[in-house]
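So the structure is just underneath, and the comments pick up after that.
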Amino acid sequence: MTESNHSRKTRITRWGIFKKQASRWQMGLVPLLLLLTACAETSTSAAEKDIKGQLAPSLQYYGPPAQVPADARNAVMSAYEAMQAKNWAQLPTLAQQARKDQELGEYPMFWYLRNQIRSRSEPVPTGEILAFLEKSQNPYLHERLKADWILEAARTRDFATVRKLGNVNLNNAQVDCAVLHARHMGHGRVTASQAMDAFRPGTACWDMLAQLYASKVLQWDHIQPLLRDDIEYDNKANARRFAAMLFNPAQMKDYDAFMANPKAWLSGQSGQAQSREQEELRTLAFSRLARQDRDGGYAFLQSNGKILVSAENRPWILAQFGLVSVLNLEDRADQWYRQAGEGFRLSEYNHAWRVRAALRQPDIDWPWVAKTIGMMPPAQQQEPVWTYWKARAWQAMGNTAAARKGFETVANDDHGFYGQLATEALGRKITLPPQAPASNAAELAHIRQNRGLQRAVSLFNLGWRPEAVAEWNFAIRGLNDRELMAAAEWAVQENIYDRAINTSLLTQGDINFRQRFLAPFEGKVGQQARNVGLDPAWVYGLIRQESRFVPVARSRVGAAGLMQVMPGTAKMVANKIGMSGFSISDVNEFETNTVLGTSYLSMVKNDLGNSEVLATAGYNAGPNRPKRWRSSLSGPVEGAIFAETIPFTETRLYVKHVMSNATWYATLFTGQPQSLVQRLGTVTP
């Protein structure tokens with residue numbers, strides 16, 4: 001059931017504030033209020049309840065577009081420039097001038113106060129923040145400013161303020177951790193499961209985790225698996241933080257020694273471990289040895305492992321040899337996994353690679369594939385990828401009824417890569433599912449009354465994408481399918497294609513594939529694809545994954561434009577195709593970007609035997625990597641297995657998304673049923 005406007009308003013307005021209270025804070029009564037909130041969470045005082053109830057404005061969610069005076073909007077734009085230039089002193093004056101901008105007028109003061117909180121050079125301006133929170137009509141800025149204040153208060157261990165501010169409606173793990181930390185420090189009850197569910201690497205979460213471990217809310221058995229997982233992922237920074245909770249300073253010297261040279265450190269060990277900590281250090285050292293020297297490490301494990309580590313930990317060590325081996329695309333990985341056996345904990349990451357190692361074998365042992373999937377945690381087994389591969393195993397084993405049931409489950413529940421493969425496994429071609437009716441005039445008129453989306457559209461029109469995306473994403477939370485489709489249609493009309501796609505993807509029952517698989521730019525992309533001999537559906541599938549059709553998109557590594565072309569690649573391609581007058585500043589320009597991107601994609605495809613699946617991998621990871629991955633094969637493999645066993649997580653997901661996208665685009669462009677299996681083809685060494 002969709003939440004009503006009234007109940008949404010009630011939920012978010014429980015933090016209202018009184019002007020009188022703001023003035024008290026400005027008069028220096030903070031210590032008194034913090035004292036009032038220092039009571040236990042389990043028996044919150046009336047004073048603390050009152051304070052918690054004073055931290056929200058009277059918010060408006062729907063209404064006609066605001067009338068915005070030009071001078072007020074100009075003040076907002078000037079404030080943005082000042083914020084970008086870090087001229088913070090100008091913002092309060094500009095905030096006063098911007099007050100009549102009913103859409104964006106709160107931003108100048110928000111930017112100023114956020115900087116004041118984060119600057120750490122002066123005390124947090126409590127009174128000004130409370131005054132802002134009282135008057136704010138923007139729920140996103142209201143919650144965001146509260147979140148920043150909570151994080152700063154937690155950093156300075158001002159947990160009374162954190163408790164007073166309460167929860168924040170932002171799905172921010174660091175804020176959630178700070179709130180749990182403050183609750184614990186106020187003698188409120190925090191369970192281990194709450195802490196573990198909230199934890200994500202970040203300052204506030206690390207502080208919470210360390211405190212709860214020191215207070216024995218969390219035990220060895222909570223932290224040790226996290227340490228092993230990060231050792232396994234080769235995430236050295238996070239692993240060391242977990243290790244510092246489990247080991248004393250002397251043991252941490254051993255930890256650092258084996259991380260630097262596991263063979264040398266292990267060679268200095270003798271006899272059975274005398275403590276749990278020593279046993280764990282040795283176990284982790286063997287994991288590092290597997291990463292640095294598989295052959296020598298395995299020989300050392302065979303000769304010394306039975307003495308140095310317990311029988312309980314040797315299977316996990318063997319699984320580490322299997323993991324590193326399969327990530328290097330070695331067929332012997334499967335044997336190490338088989339030798340490890342079952343009945344011990346693995347990360348979901350390693351569970352997945354144990355299955356992939358089995359799929360990479362020249363002669364696939366399908367009963368073993370089914371068994372390794374059955375070793376996964378129940379929730380992981382139910383993911384479309386593993387439901388599909390288990391159904392494939394059942395099919396190969398002759399259990400057609402179980403296989404059909406598995407394929408039906410994936411085909412019905414998933415519209416992506418494995419849903420398409422499952423559809424074909426059932427003997428059907430890929431066709432568009434039933435489409436929901438387009439948004440009608442009344443639905444569009446209603447969604448255009450959404451204040452948050454109005455703000456977002458205005459921000460997009462100003463070119464302020466980070467602020468616009470944040471406002472949009474906050475505004476669409478809680479919308480039902482019809483409202484989401486209407487919001488997506490509004491985004492299409494405004495040429496905000498990434499929000500249109502991502503918003504439409506959130507619908508559960510009503511599906512609109514023409515929104516989910518937009519093909520903007522009036523066929524110009526398709527024409528350019530045909531000019532260089534590429535399938536337009538494939539090119540559109542790649543652009544959808546690369547940039548969601550945002551011409552000004554830029555990645556953290558410098559890739560730019562619709563097709564996310566790297567500067568070096570752009571120069572190389574421009575030179576090869578004889579593009580006259582090329583400047584690197586032109587890469588974001590629509591035509592230049594599509595010419596360079598499609599030309600490069602064509603070059604990669606030609607260099608990789610005209611295989612779309614290999615060329616897609618090469619576009620993401622560089623053309624030499626899929627050559628190495630292909631050369632590691634013992635024989636021909638179906639394209640789906642090649643895609644599933646790509647060792648780079650980003651590239652593996654990228655290839656599956658692009659190939660699935662291309663199949664849907666081909667369905668839309670041609671109006672004919674399609675085959676993902678044929679598009680993937682077979683990959684040969």
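Order 578-588, 237-247 from most to least packed using the mean count of other Cβ atoms within 10 Å.
237-247, 578-588
Rounded to a whole number, what % of the accessible area of the chain do carbon and sulfur atoms account for, probe 1.4 Å?
It is 50 percent, rounded to a whole number.
Pop out the ³J(HN,Hα) list for the stretch 671-685 in order, Karplus 6.51 cos²θ - 1.76 cosθ + 1.60 with θ = phi - 60°, rounded to Hz; leave Gly and Pro as x.
Computed from phi, the couplings for the stretch 671-685 are x, 10, x, 10, 10, 5, 4, 5, 5, 6, x, 10, 9, 10, x Hz.
For Cα extents along the principal axes in Å, pick the label among (1) 108, 66, 56; (2) 75, 70, 55; (3) 133, 71, 56 that corresponds to the value derived from the coordinates.
It is the value labelled (2).
Note down the net charge around Ser634, summing +1 for each Lys or Arg and -1 for each Asp or Glu among other residues with Cβ under 15 Å from its Cβ.
Around Ser634, the surrounding residues sum to -1.
If amide H atoms are built 1.01 Å from N in the plane of the peptide, which residues on other chains or at least 5 residues away come under 5 Å of the amide H of Val309?
Result for Val309 returns nothing.
What whole number of Å gives the distance from the Cα centroid of the stretch 180-256 to the Cα centroid of the stretch 360-387?
So the separation of the two Cα centres works out to 31 Å.
So what are the ³J(HN,Hα) numbers for the stretch 64-75, from phi and the Karplus equation (6.51, -1.76, 1.60; θ = phi - 60°), rounded to whole Hz, Gly and Pro as x?
x, x, 6, 7, 10, x, 4, 5, 5, 5, 4, 5
Write down the accessible area per residue of the chain in Å², having rolled a 1.4 Å probe over the full set of protein chains.
43 Å²
Counting Lys +1, Arg +1, Asp -1, Glu -1, what net charge surrounds Thr594 among other residues with beta carbon under 13 Å of its beta carbon?
Charge balance near Thr594 sits at -3.
Need the C-alpha centroid separation for the stretch 485-551 versus the stretch 440-454, integer Å.
22 Å
Out of residues 5 or more away from Val565 or on other chains, whose amide H comes under 5 Å of its own, with H placed 1.01 Å from N in the peptide plane?
Result for Val565 returns Ala560.
Can you compute the modelled spin-label distance between Leu653 and Gln335, with each label point 7 Å from Cα toward Cβ, in nm?
About 3.4 nm, to one decimal.
Report the local net charge at Ser215: Lys and Arg +1, Asp and Glu -1, summed over other residues whose C-beta lies under 13 Å from its C-beta.
So the environment of Ser215 carries a net charge of +2.
Amide H neighbours of Tyr62 under 5 Å, at least 5 residues apart or on other chains, H built in the peptide plane: list them.
Arg451
Quick check on the chain: helices-only [θ] at 222 nm, where DSSP H runs of length 4 and up contribute -39,500 (n - 2.57) each and the sum goes over total residues. Nearest 500, please.
Computed ellipticity for the chain at 222 nm equals -19500 deg cm²/dmol.
Can you classify the stretch 402-557 as rounded, prolate or oblate using the Cα gyration tensor, where a ≥ b ≥ c are the square roots of its eigenvalues, rounded means a/c under 1.5, and otherwise it's prolate if a/b beats b/c and oblate if not?
oblate
The values are calculated or read from the model by the stated rules, or taken from the named source; none is laboratory data. Everything quoted here is computed from the prediction, not taken from an experiment. In this analysis, Cβ positions are derived from the backbone assuming ideal geometry, glycine residues included, and neighbour counts consider all displayed protein chains. These area figures cover heavy atoms from the full protein model, side chains too; ligands, DNA and RNA do not enter into them. Shrake-Rupley method; radii C 1.70, N 1.55, O 1.52, S 1.80 Å.
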